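The values are calculated or read from the model by the stated rules, or taken from the named source; none is laboratory data. The model shown is predicted, which means the values in this text are computed figures rather than measured ones. Cβ: placed from backbone, ideal geometry, glycine included. Neighbour counts: every protein chain shown. Areas reflect the complete protein model, heavy atoms only, side chains present, ligands, DNA and RNA absent. Shrake-Rupley method; radii C 1.70, N 1.55, O 1.52, S 1.80 Å.
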Amino acid sequence: MCNTSISSSPPTVWRLRSRLLRYSKHTLRRRPSPGVITAIVFSLILLYAVPVTTRMLLSTAPPPQIRAAAATLADNEMNQWQADVRHVTQVMYRAYMKHCMGHDEFVPTTNQCEHWFNIGLSVLDSLDTLLLMDLKPEYEASRAWAATSLSFYQRTSLISLFEIVIRALGGMNSAYELTKDALWLNKSIELGDMLLYAFNDTKSKCPRSEAYLGSNIPMKMENRRASSVTNAAEVGTLQLEMRTLSHFANDSKYKRAIDECMDVLMKAYPEDKLLTPAFDVDDGEFRGSRWTIGGTVDSMYEMLVKNWVMWGYNDTVLRNRFEESVGAIMRVLSKDNGHNLYIGEMTRNRPRSFKHTMDHLVCFFPATLAYAALHGLGGGVNGTRSDDYLPIARRLTKSCFDMTTGVSYGLAGEVTSFAGKPTPAQGQDTSYLRPEIVEALYYMDKIDPEAGDTYKRMGREMWTKIRTFAQVEGREDGVISTTTHLLGKEERPYHSGKLHSFVLAETLKYFYLLFDVRKGSEAKISLNEWVFNTEAHPVRIVRSR
């Protein structure tokens, strides 16, 4: 259904624009006749200026009966945007299945396969995306592969415990939640049983950052890292998946393992309520002096409030730590330059070390604040004070969106400088198509009572840029890839590198759900009833079962 083109739909216009730009580029290099140049210019005007003029004309408020008809038309338009996201997801996943089925990840520019854990990571990370988008043939093919070829016991590889938990275990938990298919529960139990060994490998009962699959020895002595130091995000983001597995399997051993570790983390929580990236799993203490909420820390903050919600609002320690940390983050790490509110980083108690930059990963924070507000924290969804969560989330979401406007390509880099106009920092101008900005848009669209179509419009602009500049030239429509050299002066950025499984698991899923016109209990995934893990794998809140 999503492959049927509608001549007036936005996706069709993007494809025409992209093709015309490529044709124009090659034609003008051959010094064409004045008539050909006139035809190209006229076509560009039709495809670019006319839509802009149309939007200007439609901005005039119509009579009530026309507004009612326009509302219906807008709903249909949103469904077309959803259909295009679904189309891209289907194209990308079919390309993965054709060239790399059973391998971990796929390189769209070369059709080569990437090996990481040797478990078909893209399959496990994409299951609930395929289910939510009703991509039945792709899901059934993935299930068939897992039923016949997936065995964690037959794999021998060094894996990131954090990544395999949030992507593989989280993905299978979600697939079981959505289908009640025992295959996924059995595979989750198989993986969970192996991961338990890692929790018994340290004095603190918190696991090291790496573990071996295919062996009861989680870290072979000759291959242990010299340091026992992991980071806050890696060790503090495992609770949701392990406790959910205990809930599904009716076996408390996974919950007991992670609860022992969480008790250590909560006791070691810094007095200033600002986490540092390093955590020593042998002595159970946080190390280092860098304050950040970006990579190495981010998802531990996120999981404090989500685990509080997931298990019925009962763990007041998690709620208190979250509220205290939000207050400290806003006091110490937030800056307002008059145009943007942003979260930087600094060395502990050294204000002059403050960096006026914001990581793409930090855009999880407005989404998390909005989710906390939905569940009654920080003034709730009707909070109006400047320190209430939702007003803060609105401003941070705008700053996150502005990170996409710093270059003409409209793609955000890894790190953005806010010293002036938001611009990708030097050396950080690569877009891996990360999900955090559209994640913020999705949460705000579904939660903010003042949302209107603000966040959908932002999402449409972002999606247009992705379809235009992340599209791999010469490949089937919908094949997108990592883009580099965003600060370059070329007409188009370069494409290189693998398609990370999180693009299928998170980025495309959040765009699809953002463009869903339904909200609240009518939405495909109601945020009143579901929790997403940090890899966007949804499970139902336990209290709502």
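Points to keep in mind about this one:
- Within segment 497-527, being of a type in the set (S, T, N, Q) and open to solvent by 50 Å² or more (accessible area, probe 1.4 Å) holds for one residue alone: Ser521.
- Of the residues making up segment 91-118, those that are assigned to a helix (DSSP H, G or I) and open to solvent by 20 Å² or more (accessible area, probe 1.4 Å) are Arg94, Met97, Lys98, His99.
- Scope segment 483-494; condition touching a Pro at 6+ places or on another chain (Cβ under 9 Å) and surrounded by fewer than 22 Cβ atoms within 10 Å (Cβ to Cβ); matching residues: Thr484, His485, Leu487
- Residues that are part of a loop (DSSP other than H, G, I, E, B) and among the acidic types (Asp, Glu) were ranked within segment 364-408; the one that is least open to solvent (accessible area, probe 1.4 Å) is Asp388.
- Residues of segment 246-279 that are out of contact with any Ser or Thr (no Cβ under 6 Å at 6 or more places or on another chain) and open to solvent by less than 20 Å² (accessible area, probe 1.4 Å): Ala257, Ile258, Cys261, Met262, Leu265, Ala268, Tyr269, Pro270, Leu274, Leu275, Thr276.
Here is a yes/no grid of residues against (1) farther than 15 Å from Arg543 by Cβ; (2) buried (at least 18 other Cβ atoms within 10 Å of the Cβ):
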| position | (1), (2) |
| --- | --- |
| Val281 | yes, yes |
| Glu285 | yes, no |
| Ser289 | yes, no |
| Gly295 | yes, no |
| Glu302 | yes, yes |
| Asn307 | no, yes |
| Gly312 | no, no |
| Glu324 | yes, no |
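- Filter result for the condition that a residue is open to solvent by 40 Å² or more (accessible area, probe 1.4 Å), of a type in the set (A, V, I, L, M) and either outside any helix (DSSP H, G or I) or in contact with a strand residue (DSSP E or B) (Cβ under 9 Å, 6 or more places away or on another chain) (or both), over Leu178, Leu195: Leu178
- Taken together, the residues in segment 143-156 that are under 26 Å from the mean Cα position of the chain (by Cα) and either among the charged types (D, E, K, R) or farther than 16 Å from Leu185 by Cβ (or both) amount to 2.
- When Leu508, Leu433 are screened for being at pLDDT 95 or above, in a loop (DSSP other than H, G, I, E, B) and in contact with a helix residue (DSSP H, G or I) (Cβ under 9 Å, 6 or more places away or on another chain), only Leu433 passes.
- Boolean, Glu439 is under 22 Å from Ile392 (Cβ atoms) and either surrounded by 23 or more Cβ atoms within 10 Å (Cβ to Cβ) or without any contact (Cβ under 8 Å) to a residue 60 or more places away in the chain (or both): yes
- Residues being crowded, with 18+ Cβ neighbours inside 10 Å and not in a helix (DSSP H, G or I) - total across segment 450-471: 1
- Set side by side, the residues Ala168, Ala141 differ, and just one is in a helix (DSSP H, G or I) and crowded, with 22+ Cβ neighbours inside 10 Å, which is Ala168.
- Here the condition is being closer than 17 Å to Met133 by Cβ and in contact with a Ser or Thr (Cβ under 7 Å, 6 or more places away or on another chain); of Leu504, Leu513, it holds for Leu504 alone.
- Test: Leu158 is touching a strand residue (DSSP E or B) at 6+ places or on another chain (Cβ under 8 Å) and at pLDDT below 95: yes
- Considering Leu265, Leu275, the condition of being in a loop (DSSP other than H, G, I, E, B), within 26 Å of Leu195 (Cβ to Cβ), touching a residue at least 24 places away in the same chain (Cβ under 8 Å) and under 26 Å from the mean Cα position of the chain (by Cα) is satisfied by Leu275 alone.
- Condition met for Val531 (open to solvent by less than 10 Å² (accessible area, probe 1.4 Å), of a type outside the set (Phe, Trp, Tyr), assigned to a strand (DSSP E or B) and at negative phi): yes
- Asp477 vs. criteria touching a residue at least 60 places away in the same chain (Cβ under 8 Å), over 30 Å from Cys100 (Cβ atoms) and not small (Gly, Ala, Ser): no
- Of all residues in segment 334-358, those that are closer than 22 Å to Pro270 by Cα have Cβ atoms under 7 Å from Cβ atoms of residues that are part of a strand (DSSP E or B) and open to solvent by 60 Å² or more (accessible area, probe 1.4 Å), 6 or more apart or on another chain, in Gly344/Lys335; Gly344/Lys355; Glu345/Arg290; Glu345/Lys355; Met346/Lys355; Thr347/Arg290.
- Of all the numbered requirements in (1) closer than 28 Å to Lys421 by Cα; (2) among the hydroxyl-bearing types (Ser, Thr, Tyr); (3) surrounded by 18 or more Cβ atoms within 10 Å (Cβ to Cβ), Ser334 misses one, and that requirement is (3).
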